[in-house]
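The values are calculated or read from the model by the stated rules, or taken from the named source; none is laboratory data. None of the values given here were measured: they were computed from a predicted structure. For neighbour counting, all protein chains shown are included, and Cβ atoms are generated from backbone atoms with ideal geometry for every residue, glycine included. Please note that ligands, DNA and RNA were not included when accessible areas were found on the heavy atoms of the full protein model with its side chains. Shrake-Rupley method; radii C 1.70, N 1.55, O 1.52, S 1.80 Å.
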Amino acid sequence: MAAPEDPRRRRVGLLYDERMCRHATPDGEIHPENPDRIRAIWQKLESEGIPQRCIVLSAKEAEDKYIASVHTQRHVKLIKNISSKKFNSRRLRIASNFNSIYFNKGSSEAASLAAGSLIEVSEKVAKGDLDSAIAIVRPPGHHAEPDEAMGFCLFNNVAIAANFLLNERPELGIRKMLIVDWDVHHGNGTQNMFYKDPRVLFFSVHRSACVTTTRNLVESVPPDTGWFAPAAYRTSFRYFRRKYSIIMFDFGSFYPARDDGSYCMIGEGPGAGYNINVPWEQGQCGDADYMAVWDHVLLPVAESYNPDIIMISAGFDAAVDDPLGGCCITPYGYSLMLKKLMGFAQGKIVMALEGGYNLKSIANSVLACAKVLLEEKPLVGSIEAQPLESTWRVIQEVCHELKTFWPALSVELPQKLLVSCRRPCSIELNLSSSSESTVENDEGASTTLCATNFVDIIEPLSKLNIDEDNHWKAVAPDHIPTKQSSVVLSEECPNAQALMPDKNVDGCTPWRSVLSETEVWYGSYGSNMWNPEFLCYIKGGKVRCLSYGQVEGMNEPCPGSRDKSSPKDVIWKTVPHRLFFARSLTCRWGKGGVAFLHPESNKNDKAYMCMYRITLEQFNDVLLQENSLHQENGRSQGAGTPLLVLSDIGVAAENKSLPLEALKAGCYSNILYLGEEDNLPILTMTCSCSEIDQFRSGELPVSGPSNGYMNTLVRGLVEGKQITREEAIAYINDAATREL
Ligand code: X5A
Ligand code: ZN
């Protein structure tokens, strides 16, 4: 705490307090947001002699009344009391009511210390006792809502301190403040708390969460004819990616998976224009992308706004190697981002730690920032890459949305910038690398991986399982379920432990909730054309098709989908594919062949199809049941991994079909992409192309439908009001008799 001798030396506050380490998971479970985070940062700073050059402060608990300026009394009470004895038996249950939250005996104290620390350093910086400060605090705060803890956050530390300065210390002259939230996640809580308040300009750059916003966005983006001629473009994978997979890639969602991180959220009432969101369309954003946003959005706005102080919600989970973020800011990148902000508010900057889950990355990043605040040496480093092409698109959209409020944003981006960069997009990279992610060794499929490298492949796809022995299992799509590759935590990768399979509130695996947000058309051409038959796969029940019951006791009831809601829409269509009947005498289907669609299209063929608009989650459940896998592997109800995820649709679209290795044993292992209807992909399932050869050669039996099966097909077609009974019979007979 020695006073710095040199009067020109920057007075940098550094707050760390071991008491904030007492907030931890109740049962010692591994969690990315753990006490080692702030310890690692502190140790790094100590080893570099940083504390000696700073004014070191310890934490103070925040008074309830200050916390209550942004939170409800109820929430303040809950968090303040959660660690008391009388909550011992209820803590787990209460935590489970929130999204991504745990509590233990140390939580109450840590939460108010984190908030109090921010008040403490902010007041000192506002007063001028300090030039700037770094508060190494936890739990983080920016997701915390007025009446809700979420996303590892209990109290909204930054918001509490901001309100404190504005409302409790008017004499310090802080009338306008800028909050820069560079955590990789959207600062939903902070946004909400100041949404109508022009005294706080909230700026957040984060990975985007919402499928619908992005879908709208995609609609409004004209096709990029620089790459493809429009006609080719429309059917190209790139186009498809724009429509579904950019975001697919984030699996349709990135925490907190709500739509309020959209650039359309600009503030309200007097606060209109004082909320700026920059939602990345993809991961892989790095120094160049952040610099582009700084130069073209944040800095011009900061210049016009002229804040009295800047608070940074400084999460370091956009850092390279972070297990949750999937972005790649280097320590040099962070130092530049910070340096560029020091030109405002006379350098009055308060940094508050938010997320950041790779211990090495966060320690090095905070160190880089501390050095910037100390201003001892000029920055050294360089930015290699160019911004992603999508970065320019996002910047344009943000500017477009806000230019009426901030004239500085109306400058057109130089044309050069818009066409300059062709860095391949992550989706391509990752689609092809999903199998590379598991490198086999002699022992089979067990591989030492640095899990952090796979965040973009594994984590968003939620293909992580944890078995009883707490070994991580990453299941590559084409290794399901026969080959499971164990990811062994490597020494070099201390933070692999940070990869958690997030369980949702309802206890189901996250792929379900994410896939439940995407709709597809399931195109049925067999007995599922008859509505009551298909509904068994959704609602559960015995399939009624007469042929099924022929072998007594073999018509097992279907479990249905987890989501039992009816299809949102049913429409009919014909497709240029050959319908035929094959296989015979299976227990499930009784004597006689069942319907298949030739995987390849042929303009001379025509098959009727009843299309059900269902969620991708339901489609996965239908797939399992149709392939009779639901009993065998017990993966139908929430456990395990999805068979088909969003990015697979992109692959299916590109190749027209997608054979699923995991379903090899089933009859319908091949996914066909049949085009789009209402901007949703049309998918169906059929046999593989190699099975076609086997049907032709007689290796696998081809045979017409049994009477019962035939009746069901006819009923489907007739009740669907497509054709008359006679026409339906002729249609089926033709398909059953014509040579393949
Ligand atoms: C502060 C922060 C992330 C929450 C992720 C929950 N929260 N899956 O980085
Ligand atoms: Zn975060």
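Could you say whether any residue in the range 373-385 is part of a helix (DSSP H, G or I) and either in contact with a helix residue (DSSP H, G or I) (Cβ under 9 Å, 6 or more places away or on another chain) or open to solvent by less than 30 Å² (accessible area, probe 1.4 Å) (or both)? Scanning the range 373-385 turns up at least one residue that is part of a helix (DSSP H, G or I) and either in contact with a helix residue (DSSP H, G or I) (Cβ under 9 Å, 6 or more places away or on another chain) or open to solvent by less than 30 Å² (accessible area, probe 1.4 Å) (or both). Restricting the range 165-181 to residues that are part of a helix (DSSP H, G or I) and among the aliphatic types (A, V, I, L, M) leaves a set whose member that is most open to solvent (accessible area, probe 1.4 Å) is Leu172.
Across the range 333-372, the number of residues qualifying as closer than 25 Å to His185 by Cβ and open to solvent by 50 Å² or more (accessible area, probe 1.4 Å) comes to 4. Would you tally the residues in the range 524-540 being within 19 Å of Lys573 (Cα to Cα), touching a Gly at 6+ places or on another chain (Cβ under 8 Å) and assigned to a loop (DSSP other than H, G, I, E, B)? Count: 1.
On the given criteria, is Asp197 in contact with a Gly (Cβ under 8 Å, 6 or more places away or on another chain), away from ligand 2 (no atom under 16 Å from the Cβ), touching a residue at least 40 places away in the same chain (Cβ under 8 Å) and farther than 26 Å from Ala370 by Cα? So Asp197 fits the description; yes.
Only residues that are away from ligand 2 (no atom under 16 Å from the Cβ), farther than 18 Å from Val56 by Cβ and within 31 Å of the chain's Cα centre (by Cα) were counted across the range 110-152, and they come to 7.
The conditions of being closer than 20 Å to Ser204 by Cα and hydrophobic (A, V, I, L, M, F, W, C) are not met by Ile119. Residues in the range 271-292: is at least one open to solvent by less than 10 Å² (accessible area, probe 1.4 Å), at pLDDT 95 or above, within 15 Å of ligand 1 (Cβ to nearest atom) and small (Gly, Ala, Ser)? Taking every residue of the range 271-292 in turn, none turns out to be open to solvent by less than 10 Å² (accessible area, probe 1.4 Å), at pLDDT 95 or above, within 15 Å of ligand 1 (Cβ to nearest atom) and small (Gly, Ala, Ser).
Here the strands (runs of 3 or more DSSP E) wholly within the range 622-740 that include at least 3 residues being open to solvent by 10 Å² or more (accessible area, probe 1.4 Å) and modelled with pLDDT of 90 or more are 670-677.
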